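Participant: Just passing along the structure, written as structure tokens.
The values are calculated or read from the model by the stated rules, or taken from the named source; none is laboratory data. All values reported here derive from a predicted model rather than from experimental measurement. With ideal geometry, Cβ positions are generated from the backbone for all residues, glycine too; neighbour counts draw on all protein chains shown. Note: accessible area is taken over every heavy atom of the protein model, side chains too, but ligands, DNA and RNA are not part of it. Shrake-Rupley method; radii C 1.70, N 1.55, O 1.52, S 1.80 Å.
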Amino acid sequence: MKASLKALLELLDLEQIENDIFRGRSPEERRQRVFGGQVAGQALVAAGRTVPVNRPVHSLHAYFIRPGDPLVPIVYTVDRVRDGRSFTTRRVLAIQHGKAIFSLSASFQIVEDGPAHQAAMPEAPDPETLPTALERFTPLFGERGAVEFVEGRPFDVRHATPLTWEAAKDPALRTPESKVWLKVDGELPDDPMLHVCLMTYASDMTLLDTVLLNQGLAWGDQRTMGASLDHAMWFHRPFRADDWLLYYQDTPFAGSARGLARGQVFTQNGDLVVSVMQEGLIRTSAEPQGEPQIP
């Protein structure tokens, strides 16, 4: 197991400090704020630890309230809203400096059968035929910059569509859709909740990029700033985060300094396993406010 993946698993292994109260930390990185996928994944871990293992999570709805401070721990308090015969509901509040920075509601359900259908998986090249993230980013940032950007990331991410930085330079590459293959860079234990929490973490990595891709913008271009506002996920079937998953993303709307993005996650066999929606704050200036930087 790569050190970066081991470190992420340690971040998701929250410390229980009281009944229904947990504490998480952030990685020792030079970040101005906590990564949204991290706090969402940790909050789901906190909720899941208060629910029987035979009730997998089927949905979550979350709001990013304040930027998280990566230098101090995050306290997660769990409210046991309901324990029904079929469904269990939990509400989680993430707190720093005495204030809420994030809220999550999650619903868990016993396994049941019922009518079934799903959207078709879009066509995409085999992930093993695509360049690695390091190979893809080297022409943009140089070898040293690409290593800095990719090194230490726990996920193997391979883009089947243009990158935001490519579309920012070439308007012909702008598109409202993106396809990304991803999986954790290592093998995981057979804990379904762990795989779900890792996908929750990963779901925030590229989703808002789809809005920028359609606009010819990029994080780090010194004229674009943004942040996640809310996030929703629906978990349809069990899956493994250490197998290749196709993250198909599109953006139906942007305006009023906000952008909306949707995602569907498919296994290589074509099974739709997760659906995602996120709205983010996106503000731009007319001119760059400095030299472009690696995001």
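Participant: Just name the residue that is least open to solvent (accessible area, probe 1.4 Å) out of those in the range 139-173 that are more than 23 Å from the chain's Cα centre (by Cα) and more than 18 Å from ASP221 (Cα to Cα).
Facilitator: Only one residue fits best here, namely ALA172.
Participant: Regarding the range 174-194, can at least one residue be identified that is polar (S, T, N, Q) and either surrounded by fewer than 21 Cβ atoms within 10 Å (Cβ to Cβ) or without any contact (Cβ under 8 Å) to a residue 40 or more places away in the chain (or both)?
Facilitator: Checking the range 174-194: at least one residue is polar (S, T, N, Q) and either surrounded by fewer than 21 Cβ atoms within 10 Å (Cβ to Cβ) or without any contact (Cβ under 8 Å) to a residue 40 or more places away in the chain (or both).
Participant: With the structure loaded, tell me whether LEU14 is among the aliphatic types (A, V, I, L, M) and modelled with pLDDT of 95 or more or whether it fails that test.
Facilitator: So LEU14 passes the test.
Participant: Provide a single number: the residues in the range 1-17 that are in contact with an Asp or Glu (Cβ under 9 Å, 6 or more places away or on another chain) and either open to solvent by 70 Å² or more (accessible area, probe 1.4 Å) or among the hydroxyl-bearing types (Ser, Thr, Tyr) (or both).
Facilitator: 3
Participant: Same structure again: If I ask for residues that are in contact (Cβ under 8 Å) with a residue 24 or more places away in the chain and open to solvent by 70 Å² or more (accessible area, probe 1.4 Å), which ones from the range 18-51 would you list?
Facilitator: ARG23, ARG25, GLU29, ARG31, GLN32, ARG33, ARG49
Participant: Going by what's in this entry, would TRP219 be described as within 19 Å of ALA40 (Cβ to Cβ), open to solvent by 20 Å² or more (accessible area, probe 1.4 Å), of a type outside the set (A, V, I, L, M) and modelled with pLDDT of 95 or more?
Facilitator: no
Participant: When only residues in the range 174-189 that are assigned to a loop (DSSP other than H, G, I, E, B) and within 16 Å of ALA218 (Cβ to Cβ) count, which is nearest to the chain's Cα centre (by Cα)?
Facilitator: It comes out as PRO176.
Participant: Hey, among the residues in the range 52-74 that are surrounded by fewer than 19 Cβ atoms within 10 Å (Cβ to Cβ) and β-branched (Val, Ile, Thr), which one's nearest to VAL276 (Cα to Cα)?
Facilitator: ILE65
Participant: Something else now. Could you please find all residues in the range 154-182 being farther than 24 Å from MET199 by Cβ and of a type in the set (Phe, Trp, Tyr)?
Facilitator: The one that is farther than 24 Å from MET199 by Cβ and of a type in the set (Phe, Trp, Tyr): TRP165.
Participant: Tell me the residue from ASP126, ASP113 that is of a type in the set (Asp, Glu), over 18 Å from the mean Cα position of the chain (by Cα), within 21 Å of PRO192 (Cα to Cα) and open to solvent by 40 Å² or more (accessible area, probe 1.4 Å), please.
Facilitator: ASP113
Participant: Right, another one. Before we move on, is LEU12 under 16 Å from ALA232 (Cα atoms), aliphatic (A, V, I, L, M) and in contact with a Cys (Cβ under 7 Å, 6 or more places away or on another chain)?
Facilitator: no
Participant: Are there any pairs, at least 6 apart or on different chains, whose C-beta atoms fall under 8 Å, with the first in the range 148-164 and closer than 10 Å to ASP185 by Cα and the second of a type in the set (Lys, Arg) and surrounded by fewer than 18 Cβ atoms within 10 Å (Cβ to Cβ), and if so, which?
Facilitator: Partner pairs satisfying both residue conditions: PRO154/LYS2.
Participant: A follow-up question, please. Go through the range 87-146 and report how many residues are assigned to a loop (DSSP other than H, G, I, E, B) and among the β-branched types (Val, Ile, Thr).
Facilitator: The total comes to 3.
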